[in-house]
Amino acid sequence: MPHAIRMHETGGPEVMHWEEVEIGQPGAGEVRVRNTAVGLNFIDTYHRTGLYPMPLPTTLGMEGAGVVEAVGPKVKGFKVGDRVAYANPIGSYAEVCLRPVARLVKIPAGVDDRIAAAIMLKGMTAWYLCKRTYKVAKGDTILVHAAAGGVGQILSQWCKYLGATVIGTVGSDEKAALAKKAGCKHVIVTSKEDFVARVKEITRGKGVPVVYDGVGKDTFMGSLDCLAPRGYMVSFGNASGAVTQFNPGVLAAKGSLFLTRPTLFNYTATPEDLAAAARDLFGVVKKKVVKISINQTYPLREAAQAHRDLEARKTTGSTVLLP
């Protein structure tokens with residue numbers, strides 16, 4: 001029988017267990033995928049801790065890539081042997097899994113399975129952030145927090161390609177080099193500098209039209225202070241913890257700001273939106289406009305250690321788990 005990382009209770013990495021699972025045959029509108037690579041994302045830790053509650057027991061993981069090995073009834077457009085990738089629903093930390101074809105995309109020639117697994121969630125997140133939530137335009141100066149992270153590196157490169165000047169924040173000098181490589185013209189090391197003051201200095205007091213903040217409570221209020229009037233505060237993650245008890249009147253006081261908390265699912269809810277995201281994402285990857293840095297790999301059975309390293313901010317770029 002195949003194995004998967006299962007959890008029966010919420011908590012630390014110790015709640016993750018390598019267990020045998022029975023997969024069965026795909027149902028209507030499903031295929032069975034043998035995973036070749038699985039992506040690691042911060043949202044996985046939210047599911048594990050219960051910050052984002054899930055029915056238990058469950059198999060963790062939101063994205064992966066592999067090969068179709070069985071096709072269920074009423075499936076069109078996919079066949080046994082197709083290379084596919086996905087970013088929803090939960091359950092990718094597995095050697096074999098069932099996937100709804102409505103959430104699958106084919107991996108184009110020239111894109112490696114590991115790359116596909118590393119970009120489906122992070123890359124599509126970068127896509128909706130810069131192409132849909134706030135449409136980055138040539139001449140914009142924008143702020144990207146955690147610019148050396150998985151989403152941060154992809155987003156920074158993509159925004160540079162769109163003609164923006166990217167300001168990135170990082171936590172160390174080592175990560176600063178990665179952010180520079182990813183296209184950030186200005187890099188702020190937050191352990192040494194006040195990012196609000198530096199953003200105001202860089203923009204000559206004007207502020208930026210958008211802040212992409214996947215860090216959460218540690219940066220949230222400072223991010224608002226970096227915005228120009230009517231700017232967009234895009235809060236898309238909680239790496240430092242969730243933002244709580246926020247008074248929306250602050251948005252008025254700081255310049256009639258917009259605040260949004262977007263999710264990938266809402267931006268790829270229809271097959272048409274999912275296809276558009278995949279087309280744009282694979283397009284910039286194949287052009288090498290966006291280069292994917294897979295800086296860590298772990299055996300899938302050691303996913304708990306990958307979680308420890310991710311939460312300790314020991315990882316950079318993308319991390320892939322190998323079944």
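Report whether or not Val284 is under 18 Å from Ala126 (Cβ atoms), of a type in the set (A, V, I, L, M, F, W, C) and touching a helix residue (DSSP H, G or I) at 6+ places or on another chain (Cβ under 9 Å). Considered against the rule, which asks whether it is under 18 Å from Ala126 (Cβ atoms), of a type in the set (A, V, I, L, M, F, W, C) and touching a helix residue (DSSP H, G or I) at 6+ places or on another chain (Cβ under 9 Å), Val284 comes out as yes. Within segment 241-265, residues that are over 15 Å from Gly214 (Cα atoms) have Cβ atoms under 7 Å from residues that are among the hydroxyl-bearing types (Ser, Thr, Tyr) and modelled with pLDDT of 95 or more in these pairs: Phe258/Tyr232, counting only partners at least 6 apart in sequence or on another chain. Scanning segment 56-70 for residues that are part of a loop (DSSP other than H, G, I, E, B) and under 22 Å from the mean Cα position of the chain (by Cα) yields Leu60, Gly61, Met62, Glu63.
Of the helices (runs of 4 or more DSSP H) lying entirely inside segment 243-323, those containing at least 2 residues that are over 16 Å from the mean Cα position of the chain (by Cα) span 249-253, 271-286, 303-311. Only one of Ser223, Ser240 is outside any loop (DSSP other than H, G, I, E, B), in the same structural domain as Glu193 (by TED's automatic domain parsing) and among the hydroxyl-bearing types (Ser, Thr, Tyr). Can you tell me which? One residue alone meets the criteria, Ser223.
Considering every residue within segment 55-62, establish whether at least one is modelled with pLDDT of 95 or more, in the same structural domain as Leu274 (by TED's automatic domain parsing), buried (at least 24 other Cβ atoms within 10 Å of the Cβ) and touching a Lys or Arg at 6+ places or on another chain (Cβ under 8 Å). Looking for residues that are modelled with pLDDT of 95 or more, in the same structural domain as Leu274 (by TED's automatic domain parsing), buried (at least 24 other Cβ atoms within 10 Å of the Cβ) and touching a Lys or Arg at 6+ places or on another chain (Cβ under 8 Å), one finds at least one in segment 55-62, hence yes.
Taking the numbered list (1) more than 22 Å from Ala65 (Cα to Cα); (2) at pLDDT below 95; (3) crowded, with 18+ Cβ neighbours inside 10 Å in turn, Asn41 passes all entries but (1).
Under the condition of being under 20 Å from Leu322 (Cβ atoms) and buried (at least 17 other Cβ atoms within 10 Å of the Cβ), the residues counted in segment 68-81 number 1.
The values are calculated or read from the model by the stated rules, or taken from the named source; none is laboratory data. From a predicted model like this one, the values you see are computed outputs, not experimental measurements. Using ideal geometry, Cβ is built from the backbone for each residue, glycine included, and neighbour counts are taken over all protein chains shown.
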